[in-house]
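S.K.: Here it is: the structure, laid out below.
The values are calculated or read from the model by the stated rules, or taken from the named source; none is laboratory data. Remember, predicted model here, so these are calculated numbers, not experimental data. Note that each Cβ is placed from the backbone with ideal geometry, even for glycine, and that neighbours are counted across all protein chains shown. Surface areas here come from the heavy atoms of the whole protein model, side chains and all, with no ligands, DNA or RNA. Shrake-Rupley method; radii C 1.70, N 1.55, O 1.52, S 1.80 Å.
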Amino acid sequence: MKLKLKQVKESALSFLKTYKAIYKTENGKELEYEFVSRQGNISEQTMSERKTDAVVILPFSEDYKRVLMIKEFRLPVNETVIEFPAGLIDAGETAEEAAIRELKEETGYSVLKVVHVSKPSYTSSGLTNEKIQYVHVIVDDSGVSKPKLEETESIDLIWVAKEDAMKVAEGDAPMDSKAQVILKSFASKDLHKI
């Protein structure tokens, strides 16, 4: 059921905007709902007609026996979380270009081949209108340069072998939910085809 958006108010944060939507249900009751967006100046018409905000990179070794993941401190949960490299898409950049740039910046590894770019999908549609695209790549693991981390980033790299993927996915270490699902698939499937 789509609800008619009556009003959106924007509050200023540096990279996220908080909105309060005031809308009417089908039976005429007025309700409020808060959400966050990476986009500014959104309206009822533009809420779902947006570009992709970010990429999640799925970096595999050439033989598909390992996948590169990161451990990154995430302030909202006050923990280091196992996840895939990811980042925002800069203005004028494609998802593929952003993935190549972000992988190099966060890990120091270069992309040998982009295998697949997914269609855009929402990350958490009850909280945000953020859209991401998964970019499946083959990594040149013959050499690595020094990552170019931002001041706010604290990242360690981990290569997860296929035979260890389920153990890592089911382990006690805090993990991003997307990463957990992908690791479980990696453990049980041939991911050449994703």
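S.K.: How do 128-137, 76-85 rank on mean C-beta neighbours within 10 Å, highest first?
M.R.: Answer by packing, highest mean first, reads 128-137, 76-85.
S.K.: Just list whichever of K104/K131; K113/K184; K104/K162; K24/K119; K20/K119 have alpha carbons separated by over 25 Å in the model shown.
M.R.: Over 25 Å Cα-Cα: K24/K119; K20/K119.
S.K.: I would also like to ask the following. Please work out how much length the chain gains when fully extended from H116 to E97, using 0.36 nm per residue of separation minus the C-alpha to C-alpha distance, in nm with one decimal.
M.R.: 5.6 nm
S.K.: Here is a further query. Stretched out fully, how many nm does the piece from S177 to K65 gain, at 0.36 nm a residue minus the Cα gap?
M.R.: Contour length minus the Cα-Cα distance gives 38.2 nm.
S.K.: How would you classify the range 75-192 from its alpha-carbon gyration tensor, with a ≥ b ≥ c the square roots of the eigenvalues: rounded for a/c under 1.5, else prolate if a/b is greater than b/c, otherwise oblate?
M.R.: Verdict is rounded for the range 75-192.
S.K.: Can you pull out the trypsin sites (Lys or Arg not before Pro) in the range 41-84 whose DSSP state is coil and whose Cβ has at most 13 other Cβ atoms within 10 Å?
M.R.: The qualifying sites are K51, K65.
S.K.: Determine the per residue accessible area of the range 75-115 with all protein chains present and a 1.4 angstrom probe, expressed in square angstrom.
M.R.: Here the per-residue accessible area is 50 Å².
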